[in-house]
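Encoded as structure tokens, the structure appears first; notes follow it.
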Amino acid sequence: MIGNLIIVSAPSGAGKTTLVSEVLNRDERIKPSVSFTSRAPRNGEKDGVHYNFVSADEFRAMIERGDFLEWAEVHGNLYGTSRRFVEQLRGEGFDVILTIDVQGAEQARKLFPDAVGVFILPPSYQTLLDRLDTRGANGAEDLQIRLRNAQDELAQAKHFDYIVINDDLAQATNELAAIVLAERCRASRRNEQVAKIINTFE
Ligand code: 5GP
């Protein structure tokens, strides 16, 4: 059985990266998709772990080759999800989690109508501002772009299957982990197991 595709979106600063890594630490059956990006690495970010960092030219060549399941320009940089990487992991039975922006989420959900969309909200504008400020974003201009984009992104929340409000990290982690678990238990995903159990009664 191929794994589920979980799409997580949120405005920058909502804390989705921390939240997703908490869930990944808890659950060995879910793997992250490592995106490609043309943006420069931040301090501490490792190539191949946090992102695959490529030049804008390399990124465009990948678009031409059809390498991306979805891609988008976000805050002035290019980001994309490798089609092959995701297919391979799902084929191995892992659930795959994409942490992507709302434009990418829309593309991915068109391509995979069974994908599960989760939108992460910060508890308030002030919290978002504080979190972006603390992180330093990539400079003052970048911070302004991210804040402006946040409002448009929030308007997309209604298109997702689930909403997680990231106020208390432990609570939000429980909620996201519960969504992943519940989706695994969907009746439509358990037909084979059910048939096997029924067979043992005959
Ligand atoms: P950051 O520069 O803060 O790492 O990411 C900026 C935005 O790009 C975030 O909303 C992040 O989720 C999104 N992003 C990261 N990887 C991808 C991707 O592969 N595709 C799309 N569409 N967005 C991505």
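The values are calculated or read from the model by the stated rules, or taken from the named source; none is laboratory data. What you see is a predicted model; the values in this text were computed from it and never measured. Neighbour counts run over all protein chains shown; Cβ positions are idealised from the backbone, glycine included. Protein only, heavy atoms only, side chains kept; ligands, DNA and RNA dropped before computing areas. Shrake-Rupley method; radii C 1.70, N 1.55, O 1.52, S 1.80 Å.
Take each peptide in 100-110, 142-152, count the other Cβ atoms within 10 Å of every residue, and average; sorted highest first, the result is 100-110, 142-152. Per residue, the chain exposes 56 Å² of solvent-accessible protein surface, assessed with a 1.4 angstrom probe and all protein chains in place. Each listed q (0.11, 0.18 Å⁻¹) maps to a log10 I(q)/I(0) for region 87-202 from the Debye sum over equal C-alpha point scatterers, namely -0.51, -1.09.
Over all other residues within a Cβ to Cβ distance under 11 Å of residue 85, the charged ones net out to +2, with Lys and Arg as +1 and Asp and Glu as -1. Of all DSSP bridge pairs formed entirely within region 23-125, close to 55 percent run antiparallel.
Modelled this way, with points 7 Å down the Cα-to-C-beta line, the labels at residue 49 and residue 167 are 3.4 nm from one another.
Keeping to pairs on different chains or 8 or more places apart, tell me how many lysine pairs in the chain have Cα atoms under 23 Å apart. Lysine pairs meeting the criterion: 7.
Near the amide H of residue 121, within less than 5 Å, lie the amide hydrogens of 164, 165, 166, all on another chain or at least 5 residues away, with H placed in the peptide plane.
Estimated purely from DSSP H runs of n ≥ 4, each contributing -39500 (n - 2.57), the mean residue ellipticity at 222 nm for the chain is -14000 deg cm²/dmol once divided by its residues.
Which whole-number percent is the relative contact order of region 5-199 (Cα, under 8 Å, 6+ apart)? Relative CO of region 5-199 lands at 30 percent.
Each part gets one Cα centre, and for region 8-53 versus region 136-202 those centres are 14 Å apart. Radius of gyration (Cα atoms) of region 32-145, expressed as a multiple of 2.2 N^0.38 Å: 1.14.
Per residue, the convex hull spanned by the Cα atoms of the chain amounts to 128 cubic angstrom.
Taking every DSSP beta bridge that has both ends in region 5-199, the antiparallel portion is near 30%. The accessible surface of the chain, taken with every protein chain in place and a 1.4 Å probe, is 51 percent carbon and sulfur.
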